[in-house]
Structure formats: structure tokens, C-alpha cells
Amino acid sequence: MTLRLYDTATREIRDFVPLTPGVVTVYLCGATVQGVPHIGHVRSGIAFDVLRRWLAYDHGSSGQGERSDGDSRGPRVLFVRNVTDIDDKILAKAADNDRTWWEWAATHERAFAAAYDALGVLPPSAEPRATGFVTQMVEYMARLIERGHAYAADGNVYFAVRSLPEYGSLSRFKLDDVQQGESVGTGKRDPRDFTMWKASKPGEPSWPTPWGSGRPGWHLECSAMATSLLGAEFDIHCGGMDLIFPHHENEIAQSHGAGDGFARYWLHNGWVTMRGEKMSKSLGNVVAIPEMLKKVRPVELRYYLGSAHYRSMLEYSDEALHEAATGYRRIESYVQRVVERVGEVSIGAVNDDFAAALNDDLGVPAALAAVHIAVREGNTALDAGDGERALAIAAQVRAMTGVLGTDPLDPHWSTAAADDDAAHRALDVLIGAELDRRAAARATKDWAIADEVRDRLAAAGVEVTDTPDGAQWALQVKD
């Protein structure tokens, strides 16, 4: 059965055929590392991790696909997820916290990496940073200027939207309705033109170009990184639906204007919402990953965030989270029962219902239904003493949950990891009480108590960092 995916550009479900047989190229817009990651940030990482695993799955032989160690027996998947490490918000937040921009970005890049790893998201084939591709961005702007699609003014470089008749094809916006969401920069000929390069300002980082020193605009970086690493034309471009306009629309404009075919399929995931609103820092309804992992185990959080169809909205509630965790435990309990009663469970092949569900635009809800039906059948067989059938079904369940990134026997979710997580939760309760005492002392300017708490934690090997999201702690790494 052919994999079919909903393409935002054509507004239809299309058969997926890779540009090069046996190789699939995917670009995912990654994090702008301005703050601590929350579940809204990582949903795209999980949704498209499932896509990646399914693309890499070997449908023709043993059924084993891409595992958590990155070994793939199916098609080769080149998966690029970028990091935006230079941005207006990063500069502003770093300044507000009296930190250098690069330290602020690096700190939160590590936080995102830790969140992805905790939730079992496979590391990308490459994870380029915007600041590492400035040379390619300069070359891209030169091509656009030469082709009449861009112009320089007062050290800024703008894309001339009217120069590209197809502009608006992805978002279906009419040109007269376009608002870029940015201030009208110096020398901009048309307010609908967007900025590719920002002229340097005092105190900001800058790089030299033929048109003056400055720093990259948000849209330019992805066009440069995607084509540099995956080629002028590649298979799939992914990202959140909030990026359709202006970010992805402007990526297309830059890339097509430069003569590149760019992405052949566009996939967009829905938001995580709370009380019907998109989860964001500005709404004050952020659910940070470290806080979420105090409520459920990492594999249960992944199961929850990946359980809805990737294009649908996922309305967060504690009740829904714990219901999902209970559902995952039923799967986990069955596999563990088989191990205890019958023996080691290998990874088998997915069943037809599961495959049909994922081939229908990554229909994870229907795929999970197939998993739970298999679990019920397996439990019935196990209770009836049919160990052979129970073992075969468990192997099938491992294959299916492996594609979803939640295989209970995957080493990533090992008992040792669970024990470590339980220990971390216990430490968090104890250290959290100390940090609350320190915060209360600081609020009343009782610096002696505040310093006493800090020194005692330091002596115990606990490093405390004050952030806009509150005090964060970590165990000091000893050489």
C-alpha cells in the first residue's frame, strides 16, 4: 500500500513518491531557542519522528524499521532539523537577563536537546544552526538580487514580493491582504516585502556582507540550510501550522526566486491548546517539559503527545494526560506479562490494519486502535495458555509501538531509566522545597538564609540557575 500524505500546498492527500528511490529527504523547522521548551514546542518533533520512523520502516522483509539507535533496514531517511540561534526574541531575552545572546541560545538549545532525548525523538541526521550558514545565506541573497527578486537598502536586504507572481500559493493569501508582521525597515519599497538581512545595530552581533554588516532574517536561514544540506529540491518540508504564513510562504518565495525547486510536499502539524487557545508563553499557559515529567513518565508523555492525528489540535488537560498514560500502561503490561510467562519478545512486523492507518496520512489514532485490539487478543491468548500466539502478538505489538516510538522494551525506556527518573522526581521534591525556602528568603531580603540554602545545595553537588521561568537545578558533573 502506498503512503499518502496531506500536502498543504495542494490541499489534497497525495501519493508519496520520493525524488530518489530508496532515499527520503526531510526538513523540519526546529526550535527558536529563546526559552525553556514546553509540550507545544515538542509536538512537531514527536509527530514527525513518527513520520521518519514509518518512512524508514522495512515493509518488505522482517518488518523492523528505524530503531532508537538510528539503525535502519528500510529506506534511508535524511532528516534535518534546524536550530534558530539568532533572532530578535533571543537578543531581547538575553539582554533582559543580562546574559550574552550566544550563551542564552546555547543554554536553551541544550534544554531542547534534553527534552527531545527524554521523549525518545531520534536525533536528526544533521542539526544546523543558523549562525553556521551565514556564508550560504549571503550567496542566496546574491542570487536573488541578480535575478531581480531582492534588493538592498541601507544595509538591509529585502525580498520583493511583487516580483514573484506565485507568492501566496501555500497560504492562499491574496497579495493585498499580506502583512509580514514586521516593522517597515529603512529603505523598504513595499510594506509587503519581507526582510532577509537586517542591518547591524549597536550592541548586536553582525556579519559582513557586500551590502553591509548585519544579521540574518528568520526566513532566509531555512532556505539556505535546507538546500545546502538536502539539495535544491527535496522531498518533505515539515513544521507547525502557525509557520505556514509568513515563514514557509517566504521560504518558498526565496527558494523559487533563486531557481530552486525546494520542497515537493508540505506537512504541518496542529497546535497543543489549553482552553481552546494555542499554548504559548504570552498566554501564560505554558507546560514545561521538566514539569510534565513530574506527572508522568517520559514514555507516557510521548504516547500522549503523539496519540492525536498530527494535523489535529491537541487540547491539553491533566485528565487527558493521565488517561493516555493509563492506556499506554495496558500495552506495556501485556508485553511484560508475555516476557515473564513465555520468554523474550523479539520485534516482529506490524499488522495490516496498523499499516493501512499510517499509510493514510499518518493516521495514528487508528494505528493505536490496531495496537490495543492486538493487546486484547494477546491477553486473551495468554490467559488461555496459548503462549505461542501471545508471543507472536507481542512481537507484533513491539513492531507497531516501535514505529510510534513507544516500544516498552526499547532500551531507551529501560527499567534503569525508569529508576533514574523516579530518583530524579524524589530529588526534585526535596530540592524544590529548598528552592522555595530560598525564594521566600530572597523575597524578604533575608540574604543570609538565601545564601545558606545556595551553599548547602552547592556542597551537595546541586547547581542552581536563576531563569525567567524560576530557579532551575541540575546535578554538577564531576570529571
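The values are calculated or read from the model by the stated rules, or taken from the named source; none is laboratory data. Keep in mind the model is a prediction, meaning the values are calculated, not measured. Every residue, glycine among them, receives a Cβ derived from its backbone with ideal geometry; neighbour counts consider all protein chains shown.
In region 104-126 there is at least one residue that is of a type outside the set (Lys, Arg), part of a strand (DSSP E or B) and surrounded by fewer than 22 Cβ atoms within 10 Å (Cβ to Cβ). The condition (being surrounded by fewer than 21 Cβ atoms within 10 Å (Cβ to Cβ), under 26 Å from Tyr6 (Cβ atoms), touching a residue at least 24 places away in the same chain (Cβ under 8 Å) and not assigned by TED's automatic domain parsing to the domain that holds Asp407) is satisfied by just one residue among Ile252, Ile244: Ile244.
The residues of region 8-56 that are assigned to a strand (DSSP E or B), under 19 Å from the mean Cα position of the chain (by Cα) and either of a type in the set (Val, Ile, Thr) or within 19 Å of Glu251 (Cβ to Cβ) (or both), listed by number, are Val24, Thr25, Val26, Tyr27, Leu28, Thr32.
Scanning region 195-208 for residues that are touching a residue at least 24 places away in the same chain (Cβ under 8 Å) and either under 26 Å from Ala126 (Cα atoms) or among the acidic types (Asp, Glu) (or both) turns up Met196, Trp197, Glu204, Pro205, Trp207.
When Gly306 is tested against the conditions (1) over 23 Å from Pro37 (Cβ atoms); (2) outside the structural domain of His41 (by TED's automatic domain parsing), the lone failure is (1).
Regarding Arg81, is this residue modelled with pLDDT of 95 or more, touching an Asp or Glu at 6+ places or on another chain (Cβ under 7 Å) and surrounded by 22 or more Cβ atoms within 10 Å (Cβ to Cβ)? Steps first, answer last, please.
Numbers: modelled with pLDDT of 95 or more: yes; touching an Asp or Glu at 6+ places or on another chain (Cβ under 7 Å): yes; surrounded by 22 or more Cβ atoms within 10 Å (Cβ to Cβ): yes.
In short, yes.
Inclusion of Asp353 among residues that are without any contact (Cβ under 8 Å) to a residue 60 or more places away in the chain, of a type in the set (D, E, K, R) and closer than 27 Å to Gly270 by Cβ is warranted. Being without any contact (Cβ under 8 Å) to a residue 60 or more places away in the chain, of a type in the set (Gly, Ala, Ser) and more than 26 Å from Ala114 (Cβ to Cβ): is that true of Gly432 here? No.
Filtering Ser228, Ser223, Ser282 for residues that are assigned to a helix (DSSP H, G or I), at pLDDT below 95 and among the polar types (S, T, N, Q) leaves a single hit, Ser282.
In region 146-163, the condition of being among the small types (Gly, Ala, Ser), in the same structural domain as His219 (by TED's automatic domain parsing), crowded, with 22+ Cβ neighbours inside 10 Å and part of a strand (DSSP E or B) is met by at least one residue. Among the conditions (1) of a type outside the set (Asp, Glu); (2) buried (at least 21 other Cβ atoms within 10 Å of the Cβ); (3) more than 24 Å from Lys188 (Cβ to Cβ), the only one that Leu170 does not satisfy is (3).
So, in region 448-462, exactly how many residues are in a helix (DSSP H, G or I), without any contact (Cβ under 8 Å) to a residue 24 or more places away in the chain, of a type outside the set (Val, Ile, Thr) and surrounded by 11 or more Cβ atoms within 10 Å (Cβ to Cβ)?
If we filter region 448-462 for residues that are in a helix (DSSP H, G or I), which is where we start, we get 448-459.
After this cut, where a residue has to be without any contact (Cβ under 8 Å) to a residue 24 or more places away in the chain as well, the list is 448-456, 458-459.
Still in the running and of a type outside the set (Val, Ile, Thr): 448, 450-452, 454-456, 458-459.
With the extra rule that they be surrounded by 11 or more Cβ atoms within 10 Å (Cβ to Cβ), the set shrinks to 450-452, 454, 456, 458.
Adding up the residues that qualify gives 6.
Among the residues of region 156-185, those that are among the hydroxyl-bearing types (Ser, Thr, Tyr) and in contact with a Gly (Cβ under 8 Å, 6 or more places away or on another chain) comprise Tyr158, Ser163. What is the one condition in (1) modelled with pLDDT under 80; (2) under 30 Å from Trp54 (Cβ atoms) that Ala390 does not satisfy? All conditions pass for Ala390, except number (1).
So, Ala263, is that one in contact (Cβ under 8 Å) with a residue 40 or more places away in the chain and in a strand (DSSP E or B) or not? Quick ask: steps written out before the conclusion?
On the way: in contact (Cβ under 8 Å) with a residue 40 or more places away in the chain: yes; in a strand (DSSP E or B): yes.
The answer is yes for Ala263.
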